[in-house]
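What follows is calculated from the coordinates using simple rules that are stated; it is not laboratory data. Note that the structure is a prediction, hence the values are computed from the model and not measured. For neighbour counting, all protein chains shown are included, and Cβ atoms are generated from backbone atoms with ideal geometry for every residue, glycine included.
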Amino acid sequence: MADERRVAVVTGASSGIGEACCRSLADAGFHVVAGARRLDRLEALAVEIGCDAFQLDVTDLDSVNEFAAQIPKAGVLVNNAGAGFGSQPISDFDEDAWRRTWETNVLGVMFVTRALLPKLEASGNGHIVNIGSTTATDVLPTGGSYAASKHALRAISRTLRLELLGKPVRISQVNPGLVETEFYAVRLGDAEKGQKMYEGYTPLTAQDIADCVTFTVTRPPHVNIDELLVKPLDQAAIGVMNRRPAST
Ligand code: NDP
């Protein structure tokens, strides 16, 4: 019997928010296609939830095209793969950190979106969900490379919404505050230091954001959730946390 399920493609599915989105979308009845560089992790996920797992480096055009060629149909694209490198002030910015951040968070989204857009449109009910950040609309000192990339991502989401008006493709952006994932371990190059970023307050879980993504893509086709800003209760703004002293 033909598989009639809507197909949801998730980038950066080997960890954190992307992995949680795969589980959540599979639970909601989607056929999930998971992409990331670490294929071993994707394959373990595939065994668990029955998704497709294909290697993907969003910064590499050949990899993106190869990935897209393996996907005959796509209804939902979650542009989640992302990272934030560099912690210098703008006056002393690290070129390599900016390049890596922008190539992943901006060009990567552009490559994947362009490659899958015809299939999303052909589905008759396409939906792109870009995973932004509180830094899509706000900034913090020494976080320039990441905030600028997420501001750019928001500009891409808004531009796409204008350019695709009249076509059956919805564009949403989910902007999370602090979520406990491997993000800071990758950013700081150290798992222990990364974990310390979550001490003294209750961060969001990857599942919290996956819930928002799944809610967004399961609204009726005429409903477009443009943007969601989702923060932990303990976070009033970027860098403004209700930190509790460690219990003795
Ligand atoms: P993780 O580090 O846990 O996950 C990042 C995912 O992105 C991994 O699966 C990684 O897979 C993938 N990825 C990174 N680079 C590439 C690449 N070049 N090609 C393909 N996949 C790539 O972090 P999060 O889950 O937290 O991050 C997910 C998204 O959420 C990002 O866009 C991030 O900016 C955003 N976000 C996170 C917040 C947080 O507090 N954690 C807050 C706001 C936004 P692999 O290495 O296997 O390729």
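See the values below:
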| read-out | value |
| --- | --- |
| Positive minus negative residues near Ala44 (Lys, Arg vs Asp, Glu; Cβ under 11 Å) | -2 |
| Sum of side-chain charges, Ser63 neighbourhood, beta-carbon under 9 Å (Lys, Arg +1; Asp, Glu -1) | -3 |
| In region 167-231, GluC sites (Glu not before Pro) in a DSSP loop with at most 15 other beta-carbon atoms within 10 Å | Glu199 |
| For region 64-142: rounded, prolate or oblate by the Cα gyration tensor [a/c cutoff 1.5] | prolate |
| For the chain, calculated [θ]222 nm from helices alone, where every DSSP H run of n ≥ 4 adds -39500 (n - 2.57) | -12000 deg cm²/dmol |
| Relative contact order (%) - criterion: Cα under 8 Å, at least six apart; region: the chain | 19 |
| Loop GluC sites (Glu not before Pro), region 1-74, which have at most 13 other Cβ atoms in a 10 Å radius of their Cβ (DSSP) | Glu4 |
| For region 11-237, average projected area of the Cα convex hull in nm² | 12.2 |
| Counted charge near Asp190, where neighbours are those whose Cβ lies closer than 14 Å (Asp, Glu -1; Lys, Arg +1) | +1 |
| Positive dipole terminus of the chain, leading residue within Thr134, Ala185, Pro245 (C-beta point charges) | Thr134 |
